[in-house]
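Chemist: Below you'll find the structure I mean.
Just so it is clear, none of the values below were taken in a lab; they were calculated from the coordinates. Owing to the predicted nature of the structure, the values given are computational and were not obtained by experimental measurement. Using ideal geometry, Cβ is built from the backbone for each residue, glycine included, and neighbour counts are taken over all protein chains shown.
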Amino acid sequence: MEDQSKNKKPLTKIEQRIKRDKDKIIEFLAEHANVSLACKRAGVSRETFYRWKESDEEFDTEVQVAILAGKRSLNDLAQSHLVRKIQNDDIKGITFHLEHCHPDYNGKSNAPNSDLLGPVTVITITPYNVEKKYGPDRSLYESDIPKERPDLSNIGEV
């Protein structure tokens, strides 16, 4: 097998500039994942960027990889700032985290699908009807504490 670099002719000045511009765009995308910002920083129009993407499969693949890397980088940065806000008792940061990451606060149920559940048992619990009478030491009188357990015979399946 021959070395392919020996068979390639040197790039023209225009091809060198295009390669340099494409490399700048890839670098900026890997940092920020924003096409408009990357094009602006590289001094390339968005129209040219999309034309390069369409005509150069290798560039298109590099763009996709760079955007994924940029999104991961931004997500890591955002998460570290959120953790810092939570550690500093910032109520907005705490609320955001709980609403988006904790099942008890985000309104999304993590319960299994009800179709997968078997029969549901319904239990009716009747509260004790105890009139609270407090003694001088703010405790209940012994006579107010029920002596027997509630009747659980009304438990059944639906």
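Chemist: For ILE91 and ILE14, compute 0.36 nm times the residue count separating them, minus their Cα-Cα distance, and round to one decimal in nm. Walk me through the numbers before you get to the answer.
Modeler: On the way: separation 77, 0.36 × 77 = 27.72 nm, distance 5.43 nm.
Once the chain is fully extended between ILE91 and ILE14, it gains 22.3 nm.
Chemist: Can you sort CYS39, CYS101 by how many other beta carbons sit within 10 Å, fewest first? Show your work: numbers first, answer last.
Modeler: Numbers: CYS39 21, CYS101 10.
In increasing order of surrounding Cβ atoms, one gets CYS101, CYS39.
Chemist: Can you tally the net charge around ILE26? Count Lys and Arg as +1, Asp and Glu as -1, for every other residue whose Cβ sits under 12 Å from the Cβ of ILE26. Could you put the intermediate results ahead of the total?
Modeler: Numbers: positive: LYS19, ARG20, LYS22, LYS24, ARG41, LYS53; negative: ASP21, ASP23, GLU27, GLU31, ASP56, GLU58, ASP60, GLU62.
Around ILE26, the charge tally is -2.
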